[in-house]
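Following: one structure in structure tokens, then a few remarks.
No value in this document is a laboratory result; all are computed from the given coordinates. If you're wondering where the values come from, they're calculated on a predicted model, not measured in any experiment. Here Cβ is always computed from backbone atoms with ideal geometry, including for glycine, and neighbour counts include all displayed protein chains.
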Amino acid sequence: MARCPLCGKPLDWGELIEQMLSLENAEEILRDREKFMKAFRDFVFRCPHCSGEFYGRNLPLEEAEKVFELLNEFRGSIDWENKKVKLKLNNLLALDTMLEQWDEKVKGQR
Ligand SMILES: [Zn+2]
């Protein structure tokens, strides 16, 4: 789970990505994994809890990659007109982790 590196409170991925939607070439970035990861690492996010600012590279990059995949997997995941992320990214990430653990458990039993 992504947490603010300054105050430690949990962050919502949807909200983080929405901050990135203000980038001029956001549409292009969100379609290209390499561009996205680079932009993510260098992006200055603002924590909604403590208003502190930090770089994306201080967040779990593995989760950022999954977020990229989720956003590209689902059509209409972003409402570009209103600059809103329509997916419940945190829920999907939690589900993804759960399925992975379940998968490992099942494999372990064989
Ligand atoms: Zn914070």
message: If the elastic network links every pair of Cα atoms under 10 Å, which of Leu95, Leu16, Leu87 fluctuates the most in the Gaussian network model of the chain?
response: Leu95
message: At R0 = 41 Å, how high is the FRET efficiency between Ser51 and Arg75 if r is their beta carbon distance? Nearest 0.05 is fine.
response: 0.75
field: Residue-wise HN-Hα coupling along region 19-34, computed from phi with Karplus coefficients 6.51, -1.76, 1.60 (Hz; x: Gly, Pro)
entry: 5, 6, 5, 7, 4, 4, 9, 4, 4, 5, 4, 6, 9, 10, 4, 5
query: Gain in length, Asp12 to Asp42, computed as 0.36 nm per residue apart minus the alpha-carbon separation, to one decimal in nm?
result: 9.0 nm
message: Run lengths n ≥ 4 of DSSP H only: what is the helix-derived mean residue ellipticity at 222 nm for the chain, with -39500 (n - 2.57) per run over all residues, to the nearest 500?
response: -15500 deg cm²/dmol
task: Determine the shape class of region 1-57: with a ≥ b ≥ c the square roots of the Cα gyration tensor eigenvalues, call it rounded for a/c under 1.5, and otherwise prolate if a/b is greater than b/c, oblate otherwise.
output: prolate
- prompt: Around Leu6, what is the net charge, scoring Lys/Arg as +1 and Asp/Glu as -1 over all other residues with Cβ under 13 Å from its Cβ?
  reply: +2
query: Using Cα atoms only, what is the angle between the long axis of helix 89-109 and the major principal axis of the chain, expressed in degrees (0 to 90) to the nearest 10?
result: 20 degrees
task: Can you bin region 13-105 into rounded, prolate or oblate? Criterion: square roots of the alpha carbon gyration tensor eigenvalues sorted a ≥ b ≥ c, rounded for a/c under 1.5, prolate for a/b above b/c, oblate for the rest.
output: prolate
Residue-span extension gain [Leu95 to Gln19] - 0.36 nm each, minus C-alpha spacing: 25.0 nm
